[in-house]
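These notes are about the structure you will find just below.
The values are calculated or read from the model by the stated rules, or taken from the named source; none is laboratory data. Given the structure is predicted, the values throughout are model-derived calculations rather than measurements. Because the Cβ atoms are built from the backbone with ideal geometry, glycine has one as well, and the counts that use them run over all protein chains shown. Heads up: the accessible areas ignore ligands, DNA and RNA and are worked out on the full protein's heavy atoms, side chains in. Shrake-Rupley method; radii C 1.70, N 1.55, O 1.52, S 1.80 Å.
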Amino acid sequence: MTIPELTIEKVVYQGYGLGFYNSKPVFVLNALPGDDLEIEVTSERKGAFFGRINKIIRSSPLRIETACPVFGICGGCDWLNVSYQDQLTLKNGI
């Protein structure tokens, strides 16, 4: 299933961005507050969707380019797409 446009409202534990689609929570890895995304739903558990980014429609102002060519593929890092100062702010919010 594809969600054509989802706005990420905040980040939660383990680097997931959280948005809502038809009142259901949608957790998206490496998504940031303010991102408008097209999402591919990969699973559904306990009334929540989990998905991955198909396309960034509008990028969050927090998003930066990463120096790592495999960020988002290897799964070793959660926060390389955010500056260190913004990471601290987001993590304090969690």
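Coupling constants for region 46-62 follow from the phi torsions by the Karplus curve (6.51 cos²θ - 1.76 cosθ + 1.60, θ = phi - 60°), and in residue order they are 6, x, 10, 9, 10, x, 10, 6, 8, 7, 8, 7, 9, 7, 4, x, 7 Hz; glycine and proline get x. Taking only protein heavy atoms and a 1.4 Å probe, the accessible area of the chain is 53% carbon and sulfur. The solvent-accessible area of S43, taken with every protein chain present and a 1.4 Å probe, is close to 40 Å². Pick from A67, A48, A31: which is most flexible by mean-square fluctuation in a GNM of the chain where alpha carbon atoms under 10 Å apart are linked? Highest fluctuation of the listed residues: A67. The modelled label-to-label distance between V70 and K10, using points 7 Å beyond Cα along the C-beta direction, is 3.4 nm.
Once you list every other residue whose beta carbon is under 9 Å from the beta carbon of E38, what net charge do they have if Lys and Arg are +1 and Asp and Glu are -1?
Details: positive: K55; negative: E5, D36, E40.
Its environment carries a net charge of -2.
How much accessible area per residue does the chain have, in Å², with a 1.4 Å probe? Per-residue value: 62 Å².
Working note: 222 nm ellipticity from helices only, DSSP H runs with n ≥ 4, each -39,500 (n - 2.57), summed and divided by the residues of the chain, gives -3000 deg cm²/dmol to the nearest 500.
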